[in-house]
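Chemist: Sharing a structure below in structure tokens format, with a few things to ask.
The values are calculated or read from the model by the stated rules, or taken from the named source; none is laboratory data. Note that this is a predicted model, so its numbers are computed, not measured. With ideal geometry, Cβ positions are generated from the backbone for all residues, glycine too; neighbour counts draw on all protein chains shown. Surface areas here come from the heavy atoms of the whole protein model, side chains and all, with no ligands, DNA or RNA. Shrake-Rupley method; radii C 1.70, N 1.55, O 1.52, S 1.80 Å.
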Amino acid sequence: MSRSADPRGTHARAAAMPRVPAGGAVAPVRRPACPGWSSARLPALVLMLAGACALPVAARADGAPGGVPGLPGPAGDHAGATAVALPAAPDGAPFPAVPQAPVALPPPPSELYGALYRQVELEQIFSDQKTFADAVATVPPAQVMRDYDQQSKRPGFELRRFTLDHFTMPERADIAFKPAPDRHIKTYIADMWNVLLRQPDREVRWSSLLPLPFPYVVPGGRFSEIYYWDSYFTMLGLERSGRHDLTVDMLRNMASLIDRYGHIPNGNRSYYLSRSEPPFFACMIDLVAARDGDGVYLRYLPELRREYDYWMEGADALQPGQAHRHVVRLHDGAVLNRYWDDRDTPRDESYREDVETAARSHRPPAEMYRDLRAAGESGWDFSSRWFADGRSIETVRTTKILPVDLNSIVLHMEQTLARMYGLKHDTAQQASFEHRAADRARAIRRLMWDPTGGMFTDYVWQDDTRNDAATAAMVVPLFFGLATQAQADATAHTIRARLLRPGGMTTSDMRNGQQWDAPNGWAPMQWMAVIGLRRYGQDALAEEIARRWIEREIAAYASSGVLLEKYNVRDARTKDDGGGGGGEYPLQVGFGWTNGVLVNLLDLYPRHAHQSLQAHPAAAR
């Protein structure tokens with residue numbers, strides 16, 4: 001997830017899915033509409049999200065999980081005023097339309113405050129680099145800079161005093177949640193939704209916060225704003241916890257960001273507007289449509305199309321071998337996506353770290369900053385999968401990589417748009433997006449499948465090579481149903497051999513101090529592995545990953561009384577909190593996507609949940 005900071009800061013029904021042929025392309029089949037199941041009406045069902053991202057699945061009579069219906073096979077400079085919060089729509093109404101004209105993006109603090117921002121961050125006036133990025137000026141920015149220009153030239157100038165005189169520091173709504181040894185882990189999760197809840201924002205002049213018009217849930221800890229891909233896994237938990245109202249509000253907020261800016265930024269801060277994050281908006285729509293019906297697809301068609309156009313901007317004009325922003329046209333004509341950031345400067349929230357990393361790299365700074373920022377858009381900041389040498393951040397090359405997970409997600413976006421246009425009876429657009437999705441699926445299978453390693457992996461487009469690193473990203477094509485049965489079976493074998501650990505599935509088999517590498521495990525990857533493997537009949541491995549992850553979290557919770565952002569999965573049991581390490585900021589408590597995935601796995605595998613709670617009674621009171 002892209003929310004880096006200074007290291008010294010706070011830190012389906014029971015019908016089985018049709019088998020996919022063992023080899024070759026999969027014939028396109030129309031995906032069945034998502035029924036509007038109510039988990040409250042059907043207590044024997046648990047919510048599953050696979051392919052359509054929101055389908056119920058029943059447990060079999062023998063207690064094993066049932067099958068999962070799924071997708072068919074082939075599946076510059078910024079300036080302007082602070083955004084104004086939009087009026088709320090009544091319950092059930094579409095979000096109010098916003099003119100589609102281009103908008104001027106509000107500039108980030110590093111641009112507003114120039115030399116002052118650089119000096120504050122490089123001199124470490126605040127231990128957490130994100131503090132100053134979130135600070136709010138008490139006078140207009142132009143006056144701040146006039147005062148700085150005058151006062152900084154005087155003898156005895158105190159930078160810290162000047163900063164505190166001209167800015168209000170952010171009041172972190174950190175987790176004021178005291179661990180309680182007698183709180184059941186499900187009670188903790190249910191209570192935590194209210195702790196992480198933020199009410200609709202009011203506009204604050206000169207703030208980097210982009211106001212949201214509906215209530216929303218933040219990840220936790222120092223992350224006091226919404227984050228794009230985190231939100232989908234948080235929404236899973238809200239649904240399972242009976243908070244459908246909040247799930248809908250989260251979706252409305254995402255749509256409001258697209259309406260205003262043409263895309264969903266990394267988070268609702270001005271300094272995140274130059275990039276996005278893994279685009280799970282289509283999955284969010286699936287999740288709400290599973291409860292509220294197909295009208296949800298029609299309601300959010302305009303926003304999803306704009307989101308798609310953002311990720312594909314410039315594709316039609318590309319010649320073979322060329323790239324533009326998020327798109328690359330390969331020499332064979334295939335069009336695929338990469339991560340990108342429109343800025344090539346240090347990240348506001350990790351300014352000093354980026355300057356120091358660029359200096360160590362001996363590479364052109366702008367190139368280095370772009371690749372660091374693009375890794376931020378991936379949500380995997382940072383991981384050896386982005387490094388040319390697999391070890392050091394100084395060799396980061398994110399923009400040279402076509403990630404298998406990103407392209408699987410965009411494929412699902414194309415399939416969802418085809419479905420939306422079908423519901424609208426626009427057969428031309430439906431056929432167009434079906435064709436795009438089929439083309440992308442073929443390209444992923446051709447370029448990103450490693451038959452020797454038995455896994456999906458990233459493609460280094462400029463070198464025409466595959467990245468041979470084994471990472472948890474290999475499960476994403478299974479989650480979205482674009483793998484063949486043979487590929488899914490081989491992937492399951494590779495996961496067992498290279499990624500399965502006592503506490504769940506590790507993020508990679510590389511240990512180098514980065515948080516998206518060994519020995520860390522992350523909730524979203526466990527969820528996509530479990531659901532993806534179940535799609536292809538790999539129920540035993542899916543259950544084993546879930547069992548180990550449940551045990552890892554319950555054991556840690558029994559010891560600490562809190563749930564965390566990530567976990568060390570090398571050991572299943574520990575006397576400490578079990579939290580993962582590495583990265584640019586300390587471990588965070590909360591935690592949105594961890595809670596969301598765990599509450600679903602506990603209901604999906606009740607026998608393992610019961611066994612772990614019996615073994616750790618402090619988590620079951």
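Chemist: What number of residues within the range 263-295 are open to solvent by 10 Å² or more (accessible area, probe 1.4 Å) and touching an Asp or Glu at 6+ places or on another chain (Cβ under 8 Å)?
Modeler: The total comes to 2.
Chemist: Could I ask something else about it? Considering only residues that are part of a helix (DSSP H, G or I) and open to solvent by 30 Å² or more (accessible area, probe 1.4 Å), which ones fall in the range 356-368? Write out each step before concluding.
Modeler: Filtering the range 356-368 for residues part of a helix (DSSP H, G or I) gives 356-361, 365-368.
If the condition is that a residue be part of a helix (DSSP H, G or I) and open to solvent by 30 Å² or more (accessible area, probe 1.4 Å), then Glu356, Ala359, Arg360, Pro365, Ala366, Glu367 are the ones that fit.
Chemist: Going through the range 488-520 one residue at a time, which ones are under 21 Å from Tyr536 (Cα atoms), in contact with a Gly (Cβ under 8 Å, 6 or more places away or on another chain) and among the basic types (Lys, Arg)?
Modeler: Selection gives nothing.
Chemist: Any residue that is part of a helix (DSSP H, G or I) and out of contact with any Phe, Trp or Tyr (no Cβ under 7 Å at 6 or more places or on another chain) - is there at least one of those in the range 447-459? Outline the logic, then answer.
Modeler: If we filter the range 447-459 for residues that are part of a helix (DSSP H, G or I), which is where we start, we get 447.
Subset that is out of contact with any Phe, Trp or Tyr (no Cβ under 7 Å at 6 or more places or on another chain): none.
The answer is no, given that none of the residues of the range 447-459 is part of a helix (DSSP H, G or I) and out of contact with any Phe, Trp or Tyr (no Cβ under 7 Å at 6 or more places or on another chain).
Chemist: Would you check if there is a residue in the range 517-529 being open to solvent by 10 Å² or more (accessible area, probe 1.4 Å), over 18 Å from Arg445 (Cβ atoms) and aliphatic (A, V, I, L, M)?
Modeler: Of the residues in the range 517-529, the ones open to solvent by 10 Å² or more (accessible area, probe 1.4 Å) are 518-519.
Next cut, over 18 Å from Arg445 (Cβ atoms) only: 518-519.
Those left that are additionally aliphatic (A, V, I, L, M): 518.
Yes, that holds for at least one residue.
Chemist: Continuing with the same structure: Looking at Asp458, Asp489, can you tell me which residue is surrounded by fewer than 22 Cβ atoms within 10 Å (Cβ to Cβ), modelled with pLDDT of 95 or more and either over 19 Å from Pro279 (Cβ atoms) or not aromatic (Phe, Trp, Tyr) (or both)?
Modeler: Asp489
Chemist: Something else about it: Looking at the range 319-326, is at least one residue assigned to a helix (DSSP H, G or I), open to solvent by less than 20 Å² (accessible area, probe 1.4 Å) and touching a helix residue (DSSP H, G or I) at 6+ places or on another chain (Cβ under 6 Å)?
Modeler: First, pick out the residues of the range 319-326 that are assigned to a helix (DSSP H, G or I): none.
No, that holds for no residue.
Chemist: How many of the residues in the range 501-558 are polar (S, T, N, Q) and assigned to a loop (DSSP other than H, G, I, E, B)?
Modeler: Applying the first criterion (polar (S, T, N, Q)) to the range 501-558 yields 506-508, 512, 514-515, 520, 526, 538.
With assigned to a loop (DSSP other than H, G, I, E, B) added as a condition, the list becomes 506-507, 512, 514-515, 538.
Total meeting the criteria: 6.
Chemist: Then there is this: Tell me yes or no: at least one residue of the range 222-229 is charged (D, E, K, R), in a loop (DSSP other than H, G, I, E, B) and open to solvent by less than 10 Å² (accessible area, probe 1.4 Å). Show your work before the answer.
Modeler: The first filter runs over the range 222-229 and keeps only residues charged (D, E, K, R), leaving 222, 225.
Still in the running and in a loop (DSSP other than H, G, I, E, B): 222, 225.
Right, trim to open to solvent by less than 10 Å² (accessible area, probe 1.4 Å) and you get 222, 225.
So far as the range 222-229 goes, yes, one or more of its residues are charged (D, E, K, R), in a loop (DSSP other than H, G, I, E, B) and open to solvent by less than 10 Å² (accessible area, probe 1.4 Å).
Chemist: Of a type outside the set (Phe, Trp, Tyr) and modelled with pLDDT of 95 or more - does that describe any residue in the range 99-107?
Modeler: To start, the set of residues in the range 99-107 that are of a type outside the set (Phe, Trp, Tyr) comprises 99-107.
Now restrict to residues that are modelled with pLDDT of 95 or more: 106-107.
Taking every residue of the range 99-107 in turn, at least one turns out to be of a type outside the set (Phe, Trp, Tyr) and modelled with pLDDT of 95 or more.
Chemist: Give Thr452, Thr398 a once-over and let me know the one that is farther than 19 Å from Arg305 by Cβ, among the hydroxyl-bearing types (Ser, Thr, Tyr) and crowded, with 24+ Cβ neighbours inside 10 Å.
Modeler: Details: Thr452 fails: crowded, with 24+ Cβ neighbours inside 10 Å.
Going through Thr452, Thr398 in turn, just one is farther than 19 Å from Arg305 by Cβ, among the hydroxyl-bearing types (Ser, Thr, Tyr) and crowded, with 24+ Cβ neighbours inside 10 Å: Thr398.
Chemist: So, in the range 173-217, exactly how many residues are within 29 Å of Val139 (Cα to Cα), modelled with pLDDT under 95 and surrounded by 20 or more Cβ atoms within 10 Å (Cβ to Cβ)?
Modeler: 0
Chemist: Test each condition in (1) buried (at least 24 other Cβ atoms within 10 Å of the Cβ); (2) more than 29 Å from Val396 (Cα to Cα); (3) not hydrophobic (A, V, I, L, M, F, W, C) for Pro502 and report the one that comes out false.
Modeler: (1)
Chemist: Scan (1) at pLDDT below 95; (2) over 30 Å from Asn600 (Cβ atoms); (3) open to solvent by 60 Å² or more (accessible area, probe 1.4 Å) for the single condition Pro170 breaks and write down its number.
Modeler: It is condition (3) that Pro170 fails.
Chemist: Within the set of pairs 6 or more residues apart or between chains, which connect a residue that is of a type in the set (D, E, K, R) inside the range 420-431 to a residue that is at pLDDT 95 or above and open to solvent by 60 Å² or more (accessible area, probe 1.4 Å) with Cβ atoms less than 7 Å apart?
Modeler: Pairs found: Lys424/Leu298.
Chemist: Collect the residues in the range 246-293 that are polar (S, T, N, Q) and not in a helix (DSSP H, G or I), keeping them in residue-number order. Step through it out loud before you land on a result.
Modeler: Filtering the range 246-293 for residues polar (S, T, N, Q) gives 247, 253, 256, 266, 268, 270, 274, 276.
Within the range 246-293, Asn266, Asn268, Ser274, Ser276 meet the criteria.
Chemist: Of the residues Leu236, Leu246, which single one is surrounded by fewer than 24 Cβ atoms within 10 Å (Cβ to Cβ) and in contact with a strand residue (DSSP E or B) (Cβ under 8 Å, 6 or more places away or on another chain)? Quick ask: steps written out before the conclusion?
Modeler: On the way: Leu236 fails: surrounded by fewer than 24 Cβ atoms within 10 Å (Cβ to Cβ).
Unique residue meeting the criteria: Leu246.
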